[in-house]
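Beneath this line is the structure, given in structure tokens, with notes to follow.
Rule-based calculations on the coordinates, nothing more; no lab input. None of the values given here were measured: they were computed from a predicted structure. Neighbour counts run over all protein chains shown; Cβ positions are idealised from the backbone, glycine included.
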Amino acid sequence: MAYLCSAPTNHQLVHNMAAHGLISDDRVQAAFQKVDRKNYVLDERDAYIDSPQAIMCNATISAPHMHAEAAKSLLPFLKPGARVLDVGSGSGYTCALFHHLVSPPGAEQAGTVVGIDHMAELAEWSRMNLAKDGLGDALVNGSLVVLCGDGREGCAAHAPYDAIHVGAAAPTMPAELVKQLRSPGRMFVPVGSGAQRVIQVDKDAEGRVTETPLLHVMYVPLTDPEAQAGRKLF
Ligand code: SAH
């Protein structure tokens, strides 16, 4: 799948993802078009290649097609006004994508996107990326927040969340994040320490939780800063 949707421009990259059926919703396509991936990578020449790229702190920005898979899974819970937690927010790309979905212009009520990364350097860099990508006002008015902290604990201050996206692989299902999901709500979380699989976690209106395994993947681990500093990237 990697490289499949690669293109010379952001517009064409998003177009290719739609043509390959990775984006099938107009609202999602419009949101992707508003996020220019060149603002979230270290080397602009890599911006529209459909593969993960190294950023800082031994982390990667995920491949565009994985961002599309996450948006597809979470879409029913990314309505205008919704509250979203993005754990392991890294470059800030997914924070921007979710922001455009939950706080579209003219919405009665703006949504809230909370990004959390445990590397202070990344949290700071992502805020710069988001401002470069036109989201400076959202950072100022609080509809978009990027925090530095241990995402395994979620962010109780803004809970419960309609949608939780986890951009790093948890060794086991992170119980605190399941707790912070709204009833109803949905989480997209890669789980596993060797073989990893994305699990879609649904909490229904009565608080019942079900898990649906989706794709086999290879994400950076959801871990502590020391372990991340010591790991080899590729
Ligand atoms: N969605 C991001 C993915 C970045 S890679 C993007 O596409 O840019 C995964 C991120 O998870 C890294 O930035 C890493 O620093 C972060 N991370 C790993 N363990 C974490 C933890 N315990 N708490 C918060 N962030 C964590």
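Here are a few things to note about the model shown:
- Note on residue 147/residue 227: beta-carbon distance plugged into 1/(1 + (r/R0)^6) with R0 of 25 Å gives a FRET efficiency of 0.80.
- For residue 70, net neighbour charge (Lys/Arg +1, Asp/Glu -1) across residues whose Cβ lies under 12 Å away: 0
- Cross-link partners of residue 38 among lysines (Cα-Cα below 30 Å; sequence separation of 8 or more within a chain): 72, 79, 132, 232
- The chain: relative contact order as a whole-number percent, Cα under 8 Å and 6+ apart: 16
- Positive-end residue, the stretch 1-133 charge dipole about Cα centroid, Cβ charges, pick of 18, 6, 78: 78
- Formal net charge of residues neighbouring residue 83 (Cβ-Cβ distance under 9 Å; K, R +1; D, E -1): 0
- Counting only aspartates and glutamates at least 8 places from residue 203 when in the same chain, those with an alpha carbon closer than 14 Å to its own are 162, 176, 211.
- Each of the trypsin sites (Lys or Arg not before Pro) that DSSP puts in a loop and that has at most 16 other Cβ atoms within 10 Å breaks the chain; the longest unbroken stretch is 1-207.
- Point-charge dipole on Cβ atoms (K/R +1, D/E -1) for the stretch 116-234, about Cα centre, debye to 20: 280
- Secondary-structure-derived ellipticity at 222 nm for the chain, considering helices only, amounts to -8000 deg cm²/dmol, per-run term -39500 (n - 2.57) for DSSP H runs with n ≥ 4.
- Restricting the GluC sites (Glu not before Pro) of the stretch 130-234 to loop positions (DSSP other than H, G, I, E, B) with no more than 15 neighbouring Cβ atoms within 10 Å leaves 206.
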